[in-house]
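See structure below.
The values are calculated or read from the model by the stated rules, or taken from the named source; none is laboratory data. A quick note: this is a predicted structure, and the numbers were derived from the prediction, not measured. All Cβ positions, glycine included, derive from the backbone under ideal geometry; neighbour counts span all protein chains shown. Please note that ligands, DNA and RNA were not included when accessible areas were found on the heavy atoms of the full protein model with its side chains. Shrake-Rupley method; radii C 1.70, N 1.55, O 1.52, S 1.80 Å.
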Amino acid sequence: MRRSNLPAELGAFVGREDELAELERLLASSRLVTVAGAGGVGKSRLALRIAAGLEKRYCDGVRLAELSAVHDPALLEHTLTEALGLTDHTSKAPREMLAGHLAERQLLLVLDGFEQLVDDCATLVRELLREAPGLRVLAVGRRPLRVAGEALLPLAPLPEDDAVRLFADRAAAAAPGFRLADGNREAVRELCRRLDGIPLALELAAGRLPVLSVDEVLHRLDDRFRLLTGGARGELPRHGTLRTAIGWSHELCTAPERLLWARLSVFAGPFDLEAAEYVCGGAGLPTDTVLDVLGELLAQSVVYREDTPAGVRYRLLDTVRAYGAEWLDATGDTERMRRRHRDWYTGLATWCELDWFSPRQAEVAACADTDLPNLRAALELCVESEGETHLAQYLAGTLWFFWVGCGRLAEGRHWLERAVAGESAAAGRRGAARIHEPAGGAPEHHGDVRLKALWVLGHVAILQGDNTAAVGALHECAETAGRTGNRLAAAYSTHRMGCLALLSDDMERAEELLRAALAQYRELGELNSNVLMGQVELGMSLVFQGELAGAVALCEEVREICAERGERWTRAYALYVLAYACWTRGEHREARELLAECITIDHAFRDLVGLVLAIELLALVTASQGDPAEAAVLQGAAAPVWDTVGLPLFGSGYFSAPRALCEQEAGEVLGTEAYDACLREGRELSLDAAVERALGWHEEHASGVPAPRATRRQTAPGTREPAGSPTGNGGEAAG
């Protein structure tokens, strides 16, 4: 995990020297500091500036959680989990997992835009501060949290000199020929005074200079002040001024620009051009004009451009979005636009699922990650809209690759359970009805999408170790599929029951079910990442039963198909089984090479289960290569990862055997005291550091250590053959 996820500053930071010094002092003496002030006053910029400057003071870095787009309290913990870079595969409550992760860390957590969830956020912050003594929280919002021990920094608008400096800087960026000089200095000062030194208002005004002079801006501002003075009773004067400034900027927009501004307000997070064209194009705004109109809003600082791992995205500031949403409500078009937004992101999920089984897998993961706020908004609309639960089931089930393959199990279960709970017997009775066809997606039967949501829910519950919930969902799926003749859903439910048997140490049952599922897939012509993962899991069940040749043959075939299709996620698990086979044969160098690729892939996809299993096996390989100290360090590094995955080594005798063998071999050579010291060293490593260490060990490191030891096997409880396999639930069952 990176030490910081703070965004880069897009423009020069101007002024606020006193506030920065005071904020630094407050953070040194208080564990919770809140920067409060009006929208657009510069709270976020100040907080990010001080957080970046203090990053090195915190052993575990600084993390930013942007909360302005989160309106469902149930998603608050998931958003913090995402901000902390955590992958939670457990069935623990997200709040419990957060507290456990932060308990022994020295970290600064920045919470930006919490006011719509102030009570829930205050409760969560109070609990986290109580459980994590090394945690400090910097909250940013329009009001205090009112938590005991909170230190408050009210942020006022900029003083006049700083306001002039800020305006001049932004004006020079918007209109390169602009210079602050005697001819315009007084007009700029007057403009800054009239806008009360509010940074957002100043930036909006500066964005007009390519078209207007400073004097013309002042003249038009006079008109808009008279027009837009009617704020809500009790509203702070600077709130009214900000609204006036935004309203003035809105009035200066052309009709198409105003319309696009309003329609863009339905996006809950960053969006790309194609999304804007589909969602916002139409009556009054032809699709082929959206690009040019969006460019004008960019030039006027209404919309901002940002580079993301998924490519170029655009974003509205929260205050600007809220203003646009009011105008959209006034037109009576909000619900239609929300449905178009939902349809686009339902279609996006459909395309992503198809592209997951392709060379674009990494791009799909980045896209889903970047678009998560909008996917959440689409899911929320589906769940809350009467008669559209089937759409929620379709979308939540379609996103299985994201929940499972990219470490989002806890949130995936949240949406899957809500979608499934919203429609039960009625869904089966409507089996012949068709769902609304999303953009770019294929329509499906209501009953079919419910069955998919059920087996995906069962899959997620298995990975979280909740066998009761898994059996319930999979049993309903299998029973309904048998009654309605849905052979594909029946195959998936059989597959997932095989995964459950695998994790439960019932290898014979796992082999039986997985073979049956694979036969059904072949008969139906189904081939995708799920199917290949079933083949890997069958290989794992064979490994545990001592049938090494059969396991290798299965996984080599998967490896070849993945190479042909460009699939990497399933490939990592096939490599994992092959690495175990190499270790068993004493081919340690080959095992290490396979595991290096496996770890690289798992880390890229944030697949912590696959990653920690690979590190555990690499520790055993390292011990067998004659470096027990490094093996113990790797074991130590793996230990804290299990805290976010769930029950260490799944409570399985099969999974526990290789770790026990590595501990035995390394402990015999090092002695208890040295072995424990190496474990502690590994535990201190961050996940990124552990991965770097695992990948950085080379054969030459072993030149000065004892010769490799002969490979030893350890029999797992209840097995007929020596096993010691670190594999077992791989792929789908390992997330």
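Give me a count of the residues in region 310-324 that are part of a helix (DSSP H, G or I) and either over 26 Å from Gly37 (Cβ atoms) or hydrophobic (A, V, I, L, M, F, W, C) (or both).
Here is the first cut: in region 310-324, the residues part of a helix (DSSP H, G or I) are 318-324.
Then drop every residue that is not either over 26 Å from Gly37 (Cβ atoms) or hydrophobic (A, V, I, L, M, F, W, C) (or both), which leaves 320, 322.
Qualifying residue count, region 310-324: 2.
Only helices (runs of 4 or more DSSP H) wholly contained in region 422-513 count here; list those with 2 or more residues that are open to solvent by 50 Å² or more (accessible area, probe 1.4 Å), modelled with pLDDT under 95 and farther than 17 Å from Val404 by Cα. Reasoning before the result, please.
Working: elements: 425-429, 446-463, 467-484, 487-503.
Output list reads 425-429, 467-484.
Quick test for you: out of Thr319, Thr334, Thr308, Thr350, pick the one residue that is among the hydroxyl-bearing types (Ser, Thr, Tyr), touching a Leu at 6+ places or on another chain (Cβ under 6 Å) and either in contact (Cβ under 8 Å) with a residue 60 or more places away in the chain or open to solvent by 20 Å² or more (accessible area, probe 1.4 Å) (or both).
None of the other options fit; the residue is Thr334.
With respect to Ala276, determine if the residue is in a helix (DSSP H, G or I) and modelled with pLDDT of 85 or more.
For Ala276, the condition - in a helix (DSSP H, G or I) and modelled with pLDDT of 85 or more - is met.
Residue-wise test of (1) at pLDDT 80 or above; (2) more than 23 Å from Leu46 (Cβ to Cβ); (3) surrounded by 22 or more Cβ atoms within 10 Å (Cβ to Cβ).
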| position | (1), (2), (3) |
| --- | --- |
| Gly141 | yes, no, yes |
| Gly149 | yes, no, no |
| Glu160 | yes, no, no |
| Ala174 | yes, no, no |
| Asp182 | yes, yes, no |
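Considering only region 552-591, state which residues are within 18 Å of Phe357 (Cβ to Cβ) and open to solvent by 60 Å² or more (accessible area, probe 1.4 Å).
If the condition is that a residue be within 18 Å of Phe357 (Cβ to Cβ) and open to solvent by 60 Å² or more (accessible area, probe 1.4 Å), then Glu557, Arg559, Glu560, Ala563, Glu564, Arg565, Arg568 are the ones that fit.
As an exercise: evaluate Ala330 against (1) in a helix (DSSP H, G or I); (2) at pLDDT below 95; (3) within 23 Å of Asp72 (Cα to Cα); (4) more than 15 Å from the chain's Cα centre (by Cα) and give the number of the one condition it does not meet.
Here Ala330 clears every test but (3).
List the strands (runs of 3 or more DSSP E) that sit entirely inside region 1-115 and contain at least 1 residues that are at pLDDT below 85.
Fully inside region 1-115 and qualifying: 32-36.
Could you give every pair whose Cβ atoms fall below 9 Å, whose first residue belongs to region 19-43 and is farther than 20 Å from Arg142 by Cβ, and whose second residue is surrounded by fewer than 17 Cβ atoms within 10 Å (Cβ to Cβ) and hydroxyl-bearing (Ser, Thr, Tyr), counting only separations of at least 6 or pairs across chains?
none
Quick one: in region 653-694, which of the residues that are of a type in the set (Ser, Thr, Tyr) and modelled with pLDDT of 90 or more is nearest to Val641 (Cα to Cα)? Explain how you work it out, then say what you get.
In the first step, residues of region 653-694 are kept if they are of a type in the set (Ser, Thr, Tyr); the result is 654, 656, 672, 675, 686.
Now restrict to residues that are modelled with pLDDT of 90 or more: 672, 675.
Values: Thr672: 23, Tyr675: 19 Å.
Filtering region 653-694 for residues that are of a type in the set (Ser, Thr, Tyr) and modelled with pLDDT of 90 or more, the one nearest to Val641 (Cα to Cα) comes out as Tyr675.
Which residue pairs have Cβ atoms closer than 9 Å, lie 6 or more positions apart in sequence or on different chains, and pair a first residue in region 207-234 that is open to solvent by 90 Å² or more (accessible area, probe 1.4 Å) with a second residue that is modelled with pLDDT of 60 or more and hydroxyl-bearing (Ser, Thr, Tyr)?
Sorted first by the residue in region 207-234, then by its partner, the pairs are Leu227/Thr244; Thr229/Thr244.
Residues of region 353-386 being polar (S, T, N, Q) and touching a residue at least 40 places away in the same chain (Cβ under 8 Å), which ones?
Scanning region 353-386 gives Ser358, Gln361, Thr370, Asn374.
Does any residue in region 498-511 that is free of Cβ contacts under 8 Å to residues at least 12 places away in the same chain come within less than 8 Å, Cβ to Cβ, of a residue that is among the basic types (Lys, Arg) and open to solvent by 10 Å² or more (accessible area, probe 1.4 Å) six or more places away or on a different chain, and which pairs are these?
Cβ pairs passing all conditions: none.
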